[in-house]
Structure formats: C-alpha cells, structure tokens
C-alpha cells in the first residue's frame, strides 16, 4: 500500500530544546492513523512540520509526493487544536469561505456546506451565527470546513478536546466516514480510547521520540494481561500469589482495596484465584482483563497519556527560545 506521508529521521529544535527527536514513520493511503502521546510529547510540532508551517531542523518529510506541505495544501484538510471561526458568519458562510481558500468555487462550497450540515444533523443551524452555536456544534462545523474541499489527506489535532461523550461519538462517526470515502486520516490525541476504537495503525510518541509504530493489536500485545482484584486485601499477600507480577493499588475505600496485578506470561488466572482461596484471602471480586492501548502506552513509554508536566515545560522553553 502506497504511503501518503513519510517522515525520515525528523527532528525539531527550539533553541537548546529538542521537541522532536529522529522521528520516522509513514501513513498508508486510505488508513486512519492515530498519532498518540501525552501533552508536550511533540505531536503538534510534528504536525506543523508536516503542513510546512515550520521547517524541520533535520530529516525529511514527504507528503502526497511533495517535500513541503504548502505545495499540496489544496489536497490537505487540517483541523487545528486551536479552534476558531468567524463568529458573525453562519455555518454555511464559514464553511464555503474556508473551502474557497482551498480552491473550491463559492457556489459549490455553499451547496456542499448545506448538504454536509444536513448529514451531520445540523440542518437547523443554516441561519444561525457561529457565536450562537454550542461548542460541540461549532466543532462539527469546523471539521466540515476542514474537509469540504474533499481532501485526500486529513490531519486532525486533538479533535475530541472539550467535547461531551455524545459529540465525541458523532465526531468518531465523521472520521470513519472520511476514511470510508477514500481519505487518509492522521489524528493526534492523548485520549487512548478514541484511537483504540478508530485506528488501523498507531504511532506512540514520548518525550519527542517514537516509542511504537504498528496496529492497535500489536501495541496491546506489548503489555501483560492483568487481574483486577477487590477485597479486604494486603498488597504483599496478593503479590505473593503464583503468576502475579507487579501489584498496583487502584483504590482504597474504608479498607476495601482494588488492586491491579500483572499476570505473568503463561500464567493461568484460575490457578491464581485457587491459590487466593487456599490462602484464605478476602476476595470479593476477581476479574481477568486484557491490556488496553492505555496500558500499552504506559508499558512502552513509562508515561501517563494525560500527564501535562512536560507540556508545561515545553511551552515555557519554546517561548523562551522564540524571544
């Protein structure tokens, strides 16, 4: 399958701070690829380089056969993390205007805008102003505006940020529809559940470096199955059970703890449960769980996807470098 996007040993420096380090990966045509990592991992810097909004410090990027995203910008759709449409425009006006910037004739842009708004359940917003729409509605309008010119390659930067579960579900449906209609999608997020449901492939980034590239199933396979055990339990007693690896306390409420216990490779959960009963442990709930993408991310990077400490440091260092 041909690659729409290729990065080869790409790095980005802001003064003495290296935000992206020797990053290489590719996105195949017609796929949905999740670009994952905690805030500050280097995702947005990478997206800016892909689009040609800022240059690489070293390495090479090829997108839709071009060496600079600006050369093929009319074939790309982009939803930035920083949202913003003209507040006094109607959705149709905003969508058709942004489409015209990508070469779409105004009349065709208005027609597509009306059709796409209807498809997304926003038909009654035609005559409203953007400022009068809810955040979820406005975000759907902005996504429509980013793809109204029917781009071959779509980049979405934190598209689910700030949306309630219902609107997140609608946005997931829109992303699937884009891929079903032939577009290639790269979306960045630090919320693993969205990527787990949507992606053909994921690229995990941590501290500016690639930690993993592959399918969701391949990522999950890097992390162990685990047991979730609840009861009036002693952590050391659970850790001593056969087949149990590291033990983590998930909660402790009035002496009733919930523990996450890694299950060693080849170990059988029922043997561990039998040993717990033989040891007369107070087990009130015992459940075998398969690793999630969230678990795999922690195992592969040592980071929590929602950790924002590096994000804060990154922002400060970039601002200082720009001064």
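The values are calculated or read from the model by the stated rules, or taken from the named source; none is laboratory data. It should be emphasised that the depicted structure is a prediction, and the values quoted were computed from it without experimental measurement. FYI the Cβ positions are ideal-geometry reconstructions off the backbone, even for glycines, and counts take in every protein chain you see.
Which residues, counting only those in the range 14-50, are in contact with a helix residue (DSSP H, G or I) (Cβ under 6 Å, 6 or more places away or on another chain) and surrounded by fewer than 19 Cβ atoms within 10 Å (Cβ to Cβ)?
Applying the first criterion (in contact with a helix residue (DSSP H, G or I) (Cβ under 6 Å, 6 or more places away or on another chain)) to the range 14-50 yields 14-15, 17, 19-20, 32, 34-37, 39-40, 50.
Listed by number, the residues that qualify are 14, 15, 17, 39.
Within the range 189-200, does at least one residue satisfy the condition of being in a strand (DSSP E or B), within 12 Å of the chain's Cα centre (by Cα) and crowded, with 18+ Cβ neighbours inside 10 Å? Can you show your working first?
In the first step, residues of the range 189-200 are kept if they are in a strand (DSSP E or B); the result is 189.
Those still in the list that are within 12 Å of the chain's Cα centre (by Cα) too: 189.
Cutting the leftovers down to crowded, with 18+ Cβ neighbours inside 10 Å gives us 189.
Within the range 189-200, one or more residues are in a strand (DSSP E or B), within 12 Å of the chain's Cα centre (by Cα) and crowded, with 18+ Cβ neighbours inside 10 Å.
Which of the residues that make up the range 227-239 are over 9 Å from residue 281 (Cβ atoms) and in contact with a helix residue (DSSP H, G or I) (Cβ under 9 Å, 6 or more places away or on another chain)?
227
Go through the range 58-68 and report how many residues are in contact (Cβ under 8 Å) with a residue 40 or more places away in the chain and either surrounded by 15 or more Cβ atoms within 10 Å (Cβ to Cβ) or over 26 Å from residue 189 (Cβ atoms) (or both). Step through it out loud before you land on a result.
Within the range 58-68, the subset in contact (Cβ under 8 Å) with a residue 40 or more places away in the chain is 58-64.
Filter again for either surrounded by 15 or more Cβ atoms within 10 Å (Cβ to Cβ) or over 26 Å from residue 189 (Cβ atoms) (or both), leaving 58-59, 61-64.
Total meeting the criteria: 6.
Among the residues of the range 301-316, write down those that are in contact with a strand residue (DSSP E or B) (Cβ under 9 Å, 6 or more places away or on another chain) and either modelled with pLDDT of 95 or more or surrounded by fewer than 17 Cβ atoms within 10 Å (Cβ to Cβ) (or both).
302, 313
List the number of the failed condition for residue 71; all other conditions in (1) touching a residue at least 12 places away in the same chain (Cβ under 8 Å); (2) part of a loop (DSSP other than H, G, I, E, B); (3) more than 21 Å from the chain's Cα centre (by Cα) hold.
Condition (2) is where residue 71 drops out.
Failed condition for residue 177, given (1) farther than 26 Å from residue 39 by Cα; (2) assigned to a strand (DSSP E or B), with all others met?
Single failed check for residue 177: (2).
Test residue 265 against the stated conditions and say whether it is part of a loop (DSSP other than H, G, I, E, B) and either closer than 30 Å to residue 26 by Cα or in the same structural domain as residue 31 (by TED's automatic domain parsing) (or both).
So residue 265 does not fit the description; no.
Quick one: is residue 259 crowded, with 18+ Cβ neighbours inside 10 Å and either closer than 20 Å to residue 192 by Cβ or touching a helix residue (DSSP H, G or I) at 6+ places or on another chain (Cβ under 8 Å) (or both)? Give the derivation first.
On the way: crowded, with 18+ Cβ neighbours inside 10 Å: yes; either closer than 20 Å to residue 192 by Cβ or touching a helix residue (DSSP H, G or I) at 6+ places or on another chain (Cβ under 8 Å) (or both): yes.
When the stated conditions are applied, residue 259 passes them.
When residue 117 is evaluated against the numbered criteria (1) under 23 Å from residue 160 (Cβ atoms); (2) in a helix (DSSP H, G or I); (3) touching a strand residue (DSSP E or B) at 6+ places or on another chain (Cβ under 8 Å), which criterion, by number, is the only one it fails?
Failing condition for residue 117: (3).
Which of (1) out of contact with any strand residue (DSSP E or B) (no Cβ under 9 Å at 6 or more places or on another chain); (2) touching a residue at least 60 places away in the same chain (Cβ under 8 Å); (3) buried (at least 21 other Cβ atoms within 10 Å of the Cβ) is the odd one out, the single condition residue 95 does not satisfy?
Among (1) out of contact with any strand residue (DSSP E or B) (no Cβ under 9 Å at 6 or more places or on another chain); (2) touching a residue at least 60 places away in the same chain (Cβ under 8 Å); (3) buried (at least 21 other Cβ atoms within 10 Å of the Cβ), residue 95 violates only (2).
Identify, from the list 241, 204, the residue that is assigned by TED's automatic domain parsing to the domain that holds residue 44 and either at negative phi or assigned to a helix (DSSP H, G or I) (or both).
On the way: 241 fails: assigned by TED's automatic domain parsing to the domain that holds residue 44.
Testing whether each residue is assigned by TED's automatic domain parsing to the domain that holds residue 44 and either at negative phi or assigned to a helix (DSSP H, G or I) (or both) leaves just 204.
Name the residues in the range 1-43 that are assigned to a loop (DSSP other than H, G, I, E, B) and closer than 19 Å to residue 59 by Cα, would you? Reasoning before the result, please.
First pass over the range 1-43, keeping only residues assigned to a loop (DSSP other than H, G, I, E, B): 1-2, 15-16, 29-31, 37-42.
Scanning the range 1-43 gives 15, 16, 41, 42.
I'd like the residue in the range 274-291 that is over 35 Å from the mean Cα position of the chain (by Cα) and closer than 18 Å to residue 250 by Cβ and, out of all such residues, is surrounded by the fewest Cβ atoms within 10 Å (Cβ to Cβ).
We begin by selecting, within the range 274-291, every residue over 35 Å from the mean Cα position of the chain (by Cα); these are 274-284.
Those still in the list that are closer than 18 Å to residue 250 by Cβ too: 276, 281-284.
Details: 276: 22, 281: 18, 282: 13, 283: 16, 284: 11.
Once the filter is applied, the top-ranked residue is 284.
Only one residue in 121, 136, 109 is at pLDDT below 90, more than 28 Å from residue 296 (Cβ to Cβ) and either surrounded by 21 or more Cβ atoms within 10 Å (Cβ to Cβ) or in contact with a helix residue (DSSP H, G or I) (Cβ under 6 Å, 6 or more places away or on another chain) (or both). Which one?
Values: 121 fails: either surrounded by 21 or more Cβ atoms within 10 Å (Cβ to Cβ) or in contact with a helix residue (DSSP H, G or I) (Cβ under 6 Å, 6 or more places away or on another chain) (or both); 109 fails: at pLDDT below 90.
The conditions single out 136.
So is residue 247 in contact with a helix residue (DSSP H, G or I) (Cβ under 7 Å, 6 or more places away or on another chain), surrounded by 15 or more Cβ atoms within 10 Å (Cβ to Cβ) and either farther than 30 Å from residue 158 by Cα or modelled with pLDDT of 90 or more (or both) or not?
Against the criterion (in contact with a helix residue (DSSP H, G or I) (Cβ under 7 Å, 6 or more places away or on another chain), surrounded by 15 or more Cβ atoms within 10 Å (Cβ to Cβ) and either farther than 30 Å from residue 158 by Cα or modelled with pLDDT of 90 or more (or both)), residue 247 qualifies.
Taking the range 149-177 as the region of interest, how many residues are in contact (Cβ under 8 Å) with a residue 60 or more places away in the chain and either farther than 16 Å from residue 78 by Cβ or surrounded by 16 or more Cβ atoms within 10 Å (Cβ to Cβ) (or both)? Step through it out loud before you land on a result.
Filtering the range 149-177 down to residues in contact (Cβ under 8 Å) with a residue 60 or more places away in the chain leaves 149, 151-159, 161, 175-176.
This time we only want the ones that are either farther than 16 Å from residue 78 by Cβ or surrounded by 16 or more Cβ atoms within 10 Å (Cβ to Cβ) (or both), so: 149, 151-159, 175-176.
Result for the range 149-177: 12.
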